[in-house]
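Asks: I am attaching a structure below and will ask some questions about it afterwards.
Just so it is clear, none of the values below were taken in a lab; they were calculated from the coordinates. Please read all numbers here as calculations on a predicted model, not as lab measurements. Note: ideal-geometry Cβ built from the backbone for every residue, glycine included; neighbour counts use all protein chains shown.
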Amino acid sequence: MKIKILPTDQIYKEVADVFSNLITSKEYPILGLATGSTPVGVYNELIKRYQEGKLSFKNVTSFNLDEYVGLDGNHDQSYRYFMNHHLFNHVDIDKNKTFVPLGIGDIKDNAKKYDLMIDAAGGIDLQILGIGSDGHIAFNEPGTPFDALTHEAELTEMTIKDNARFFESIGDVPTRAITMGLASIMKARKIVLIALGKNKVDAITRLLNGEVSLDLPVSVLNTHQDVTIYLDKETFGYLEK
Ligand code: F6R
C-alpha cells in the first residue's frame, strides 16, 4: 500500500493524472467511480482537462459503487443524478456506458446483474474510493463479509448522520442502499482511496496500523496488490514526522 500525504488541491491533480494516464493509454478503459464530497475535486479536474482538449471520455465505460434504495435516477439525491451533475453532463462520455446500481425494482436481481456486467466489461481498471468515518467503503458497513458481491445494505446510524448534510432533514436520508461488495471492489486492478478531514483519522489510523478485520471494512484493502491512499496534509501531516 502506497501512502501520499499532500495538500488537497494536489491530491485532486495527482488522482486526475492517474485517471488521465489510464484513459489515454488504454483503448477501452473501465473506471470505478464514487460519489460523496471526496471525489468532486477530482471530477472537476477531469472536466477541466476535457474542456482544454487534453482528455476524451469517448471510449470510457464506468461503474459506480452504490445507489440509495428507493431513489430513481431523476431524484436529485440519487447517486445517478450526482454523477450526471458532477461529471457525466460535462464530458463526452457515452451515458449508455455509465452504470450506477439500480435502487428501484428487484434489488436482488439488480445486484446480481451488476457484478455480471462488470465482469463482462472486462473488470474495473481503476477504482476511486472515499471512506466513511466508520471505515465503510461504498456502503459496506462494519460487519460486511469480505466475500460480499453487490448487495442490498443497511446504512449505520453514523453514516445516516454523516450523509444528512446533503438532505433537508435526517429523516429524509434513505436507510438502505445497493452497493458493490468488498469482493467486487477487490477485483479492481488498481485502487485509489482518498481520505480528507478529521472524521476519517480514526479509520485511517487503524488501516495504516495494518488491521484486517470485518469491523473495519476498508481494512480489506490491506490485502490488495495495488492500492494508493491519498491523505490531506492539513489533517494527516503529523504522519510525516
Ligand atoms: C460513495 C461511497 C461512500 C463515500 C463515503 C465518504 O459512493 O461509496 O463510501 O465514499 O461515505 O463520503 P464523503 O466523501 O462524502 O465523505
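Asks: Please state which of the following conditions V40 fails to meet, knowing it meets all the rest: (1) within 16 Å of the ligand (Cβ to nearest atom); (2) within 22 Å of L149 (Cα to Cα); (3) in contact (Cβ under 8 Å) with a residue 40 or more places away in the chain.
Replies: (2)
Asks: Mind listing whichever residues of the stretch 138-151 are within 10 Å of the ligand (Cβ to nearest atom), part of a loop (DSSP other than H, G, I, E, B) and over 15 Å from K200 (Cα atoms)?
Replies: Result: F139, single match.
Asks: Report whether or not G41 is within 19 Å of the chain's Cα centre (by Cα) and either within 24 Å of V220 (Cβ to Cβ) or assigned to a helix (DSSP H, G or I) (or both).
Replies: When the stated conditions are applied, G41 passes them.
Asks: Could you tell me whether P7 is over 23 Å from H224 (Cα atoms) and touching a Lys or Arg at 6+ places or on another chain (Cβ under 6 Å)?
Replies: In short, yes.
Asks: Out of (1) among the acidic types (D, E); (2) surrounded by fewer than 17 Cβ atoms within 10 Å (Cβ to Cβ); (3) closer than 28 Å to E27 by Cβ; (4) without any contact (Cβ under 8 Å) to a residue 40 or more places away in the chain, the odd one out for D92 is which?
Replies: Answer for D92: the failing condition is (4).
Asks: Look at the stretch 194-226 and say how many of its residues are touching a strand residue (DSSP E or B) at 6+ places or on another chain (Cβ under 7 Å) and within 20 Å of P145 (Cβ to Cβ).
Replies: 4
Asks: Let me ask another. Suppose the filter is among the aliphatic types (A, V, I, L, M), in a loop (DSSP other than H, G, I, E, B) and crowded, with 19+ Cβ neighbours inside 10 Å; does I23 pass it?
Replies: Taking the combined requirement at face value, the residue does not satisfy it.
Asks: Out of R49, R80, report the one residue that is basic (K, R), touching a Leu at 6+ places or on another chain (Cβ under 8 Å) and either within 23 Å of D125 (Cβ to Cβ) or surrounded by fewer than 18 Cβ atoms within 10 Å (Cβ to Cβ) (or both).
Replies: R49
Asks: Follow-up question, since we're still on this one. Give the residues of the stretch 101-158 that are at positive phi and out of contact with any Leu (no Cβ under 6 Å at 6 or more places or on another chain), sorted by residue number.
Replies: G105, G122, G123
Asks: So, one more: Quick check, is R189 basic (K, R), under 18 Å from the mean Cα position of the chain (by Cα) and more than 16 Å from the ligand (Cβ to nearest atom)?
Replies: So R189 fits the description; yes.
Asks: Residue by residue through the stretch 209-238, note down the ones that are of a type in the set (A, V, I, L, M) and either under 24 Å from D17 (Cα atoms) or without any contact (Cβ under 8 Å) to a residue 24 or more places away in the chain (or both).
Replies: V212, V218, L221, V227, I229, L231
Asks: Let me ask something additional. Quick one: I185 ticks every box in (1) in contact (Cβ under 8 Å) with a residue 60 or more places away in the chain; (2) more than 20 Å from I30 (Cβ to Cβ) except a single one, so which number is it?
Replies: With respect to (1) in contact (Cβ under 8 Å) with a residue 60 or more places away in the chain; (2) more than 20 Å from I30 (Cβ to Cβ), I185 is out only on (2).
Asks: Given the criterion in contact with a strand residue (DSSP E or B) (Cβ under 9 Å, 6 or more places away or on another chain), more than 30 Å from E141 (Cα to Cα) and in contact (Cβ under 8 Å) with a residue 60 or more places away in the chain, identify the matching residue among Y68, Y28.
Replies: After applying the criteria, what remains is Y28.
Asks: Filter the stretch 1-18 down to the residues that are touching a residue at least 40 places away in the same chain (Cβ under 8 Å) and within 16 Å of the ligand (Cβ to nearest atom), then identify the one that is surrounded by the fewest Cβ atoms within 10 Å (Cβ to Cβ).
Replies: T8
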